[in-house]
Each structure stands twice: as C-alpha cells, then as structure tokens.
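Just below is one structure, and these are the notes that go with it.
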Amino acid sequence: MSNTKNLNRRFFMKGASATALIGSAIGGGLAIPSAVNAKGMGYISMSMSYDLDEEFNRIGSGDYKWDSIRRNARPHDVPFPMGVADMDFRTLPHITEALMKRMGHQNWGYQGPPSYFYENIIAWNKKRYNQDIKPGSILNSHGVLDGCLSILKLHNTSGGPVLVQTPGYSGFFGTVRNAQFSSVENPLRLIDGRWEMDLDLMAKQIDKDDIKIILFCNPANPTGNCWSPTEMRAMGDLCIEKGVLVVADEIHCDFVNKGATYTPYATLGEKYAMSSYTLKSTSKSFNLAAHHVAYLFSDNMEMIDNLKKSGHQRGSLNALGMIACNAAYLHGASYMDDTQSYIDGNCHILEDFCNESMKDVKYRKHEGTYLAFLDCSSVAKKLGKPDDGARVGDMLKNFFIEKAGVNLNPGENYGLGGEGYMRMNLATTNYKLRGALDAMKMAIDAI
Ligand SMILES: Cc1ncc(COP(=O)(O)O)c(C=O)c1O
C-alpha cells in the first residue's frame, strides 16, 4: 500500500516536524484532521518522546466528546469538551500504521485475531503489573460493559440486585438495567479528602438484598481511587464469605498518577482470583473505544467455560479493532508512560489552580484514571436553587457550558454521593486545560 509507506511515524515524536501528517499520507481520501502544533505551557519537564502538547483536531470525525456536545449545546460554543471519557491525544502511530496496512489489503472476509494477540495481552499485563493471566482464560468482548452484561446474565441466577459502590461509573447502572436487574448503591465515604469503602454497610446490604454480584472499579471512575491491597482484601474477604462474585472492571489500569500504585484485584491471591472476573481493554489507554475490542479473564476456568457456553464468545471481534489492540500492546509501552506522566502533570495544574485561583472548586490530586471529580458545591450554592425538577449537576453543567464553554459531567450521574460534584476529563493538552480553568474562573467570579 503506497500510502502506508508515506506515513512517517516520527511526526508525532518530540522534535519531529508536526506537519508530516497522516492526512497527507493518505492522499486526501479520508477527512483526517490536521495538527497545528500549538505548544502548551510546558508545565511538566520529563523527557517525553511523544508530542502530547500537539493540538490534535478531533472535530469532524463524528465523535461524542467533540462533535455531539458542540451540536447539542448550540447556540453555545464549547471549545473545552471535558465530558466523555476518551482522550484528545493522537493515538500511537504504530496503531494507525498497522490499520492502514490492513486497509490496503481490501479483503474483509471472516477473520480471527492477528498472530500473538493473546500472548501480547498476557505480556503487557505481566510486564507492567506482574499479573499472570492463564493462557486460554481470555475471552474477547466488544466492550468491557458487554462483558459485564454477559457475566451478570450468567451468574445472577437469583435475580437479586447488583452492588455498585458510588459515586461509581454511570455505565454500570445502565448495564445492570440492560440485564433486567436492579442496583444497590453502596456509597463511599469521603474521609480526609479520600473516598473510602464502607464495608459495614456493604455487609448489611449483601445480607438484606441477597446480593450475589458486585461491579467493582479499580482504578475507580469517577473518584480516582487506586484501591490498595488492604482495602481490596477486606472487600474480597467479605465477598468470598458471603458468596458474592467480584467483577473487577480495570479498564483504567494504565492511568496511575505518581505516588500511587495499581494492584490488580486478581493478584491478591488464589481465592480472590478464583472468585472474580477481570475486564480490561486498550480503549482507554490508546483511545480506541470506537474499535470495540476488550477482553476478560479469570483463573476460574469453569466460570470461563460456562461463559463461553452461554454464548458470550459467539463470533469474533472486529478485524481492525483486533489489529489496533495488538499494535498497542506490542509497541505502546513508552506512549503509555508518556501519557501517564502528562496526565499527572495535568492533575498538578488543576490542583494548583483550584488551591490558588479558583477556591470555589475543590480538588485534591487523585490516584488513577484521567478523570477528576471536582467538588463544585460552593459554585452551586452561589447559583442558587436549580429550576424545578433540574438536578444540581444539570444546573452546573449548563452554567459551565453557557458561561465558560466547558462541558463537564454532573456528579449525580454516578449515583449516591455525587451531588455537587462534576467530573472533568483531564486527557487533553496542558494548553486546553489551562484555557478551560481560566474560563471557569472568570465565569464563577462573575456570578
Ligand atoms: C470504568 C469504565 N468501565 C467501562 C467503560 C466502558 O467500556 P467499554 O466501552 O469497553 O464498554 C468505561 C468508559 O468510560 C469506564 O469508565
């Protein structure tokens, strides 16, 4: 494929010309946005090989984060969409290169995974997290939530409610509803600025509602906890004692801020690994959500076999998605390291700005994920009561869109404990983050 030959992977590397673009490489056949290479403020000074300061233009690709919100917010402009959990960075160039090579073949017949697909998943998890995934225990999934749905349908035979710690990922509630079950919310407690588990309440809820499954998030969206081994063992022991299956959604595991550690739940010991599933994907780490490729595994081969028999594994994954996932795990280690450091820098920018200039918004640097959960209750108080029937979060969302051009997600989306909070996506450039914060401050100061 002649176009592939033209793709210069170095365009995205620090020090290389940012004008050597994929757009030119594919000869104008596809509408791929160009880069303008506007630099950020250089807040972080580690040696990074990928140019994450590049102002990569996402507009026009039809995505939710940029195109949908800008359409829905009309007549207001939204130069700072910080809602949907994906990244504003150009993906790893090796991924695009591998996809373009495959596209050039023009054969779209039935197809299995590329060579060493599962071996690369195993190697990534072993190398980065010392997590041993049993060969043969990995099942494909079109998404982490699709995997959760299959697990819920197979295991929740009693039909009881499903436990979710809150504030917790909003997609969990929809997935539980899709499986025709209800959820029980187990609120975390904010202690000295950190969200902590409430296991006493969890024990009572499990008994009262005959709960058999918990959807557990590590690192947690939206609170940003990287749960410690001690915390997870305490929760796991309770679940094992009471016969509750742990479904560990670890999709955000590749985003861990400095000073924090991600411990995979299943590495706590055999009994935890045998009574749980883990779900992961490259969709957050390399911005591949539109490819719909994820995977799940468990040391409990009986559970894996039963899940297969239940029809979960019917058909295979999208060819391009598998190729993208494979290239990510094969070539993406330094991209991931750079991205992690960059997000850590953004957390510092946000924390300093809130402490020094925007005191009505409270934020303490979180541990994992690229999502910050901001306490905006003082702003809400200044704004007064929401219109009849509106949630505080909707009032805050409208305010930040209309007065600052910033889109944030209402805390109530994440269940009990979320009111007064707004979730901000930090997977963007230093430059855009600073622009958003300046605009928010001006809007708050003008109330
Ligand atoms: C914790 C968590 N799990 C799952 C998902 C969705 O994953 P998928 O698109 O693979 O279903 C998200 C997306 O934001 C998430 O934050």
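We did not get these values from a lab; they are worked out from the coordinates using the rules stated. The structure displayed is predicted, hence computed values, not measured ones. Neighbour counts are summed over all protein chains in view; Cβ atoms, including those assigned to glycine, are modelled from backbone coordinates with ideal geometry.
Couplings 3J(HN,Hα) for segment 98-104, derived from phi with the Karplus relation 6.51 cos²θ - 1.76 cosθ + 1.60 (θ = phi - 60°), are 5, 5, 5, 4, 5, 4, x Hz, where x marks Gly and Pro.
Taking a threshold of 21 Å on the Cα-Cα distance, which of the pairs K382/K432; K126/K242; K127/K153; K134/K271; K65/K381; K258/K365 fall above it? Where the Cα-Cα span goes over 21 Å, the pairs concerned are K382/K432; K126/K242; K127/K153; K65/K381. Sorted fewest first by neighbouring Cβ atoms within 10 angstrom, I122, I447, I240 come out as I447, I240, I122. Note on the chain: helix-only mean residue ellipticity at 222 nm, from DSSP H runs of 4+ residues weighted -39500 (n - 2.57) and normalised by residue number, equals -11500 deg cm²/dmol. Have a look at M103, M424, M358 and tell me which one the Gaussian network model of the chain (Cα, springs below 10 Å) gives the largest fluctuation. In this elastic network of the chain, the residue with the biggest mean-square fluctuation among M103, M424, M358 is M103. Highest mean first, the peptides 331-344, 125-138 sorted by other C-beta atoms within 10 Å per residue fall in the order 331-344, 125-138. If you take all other residues with their beta carbon under 14 Å from the beta carbon of K153, and give Lys and Arg +1 and Asp and Glu -1, the sum is +4. The charge dipole of segment 110-331, taken about the Cα centre with unit charges on the Cβ atoms of Lys, Arg (+1) and Asp, Glu (-1), comes to about 500 debye, rounded to the nearest 20. Computed from point charges on the beta carbon alone (+1 for Lys and Arg, -1 for Asp and Glu), the dipole magnitude for segment 196-321 about its Cα centre is near 460 Debye.
Distance from the Cα centroid of segment 317-343 to that of segment 224-260 is 24 Å (rounded to whole angstrom). The residue list I240, P79, V162 was ranked by how far each Cα lies along the charge dipole of the chain toward its positive end, using unit charges on Cβ atoms, and P79 comes out on top. Among H312, H105, sorting on how many other beta-carbon atoms sit within 10 Å of each Cβ, with the fewest leading, yields H105, H312. Given Cα positions, please report Rg to Rh for segment 110-331, the hydrodynamic radius being the Kirkwood one. Rounded to two decimals, Rg over Rh is 0.94. When each of Y116, Y431, Y414 is scored by the number of other beta-carbon atoms lying within 10 Å, the sequence from fewest to most is Y116, Y431, Y414. Between rounded, prolate and oblate, where does the chain land on the alpha carbon gyration tensor, with a ≥ b ≥ c its root eigenvalues, rounded for a/c under 1.5, else prolate if a/b exceeds b/c? Here the chain falls in the oblate category. In a reduced charge model with +1 at each Lys and Arg Cβ and -1 at each Asp and Glu Cβ, the chain shows a dipole moment near 960 debye about its Cα centre.
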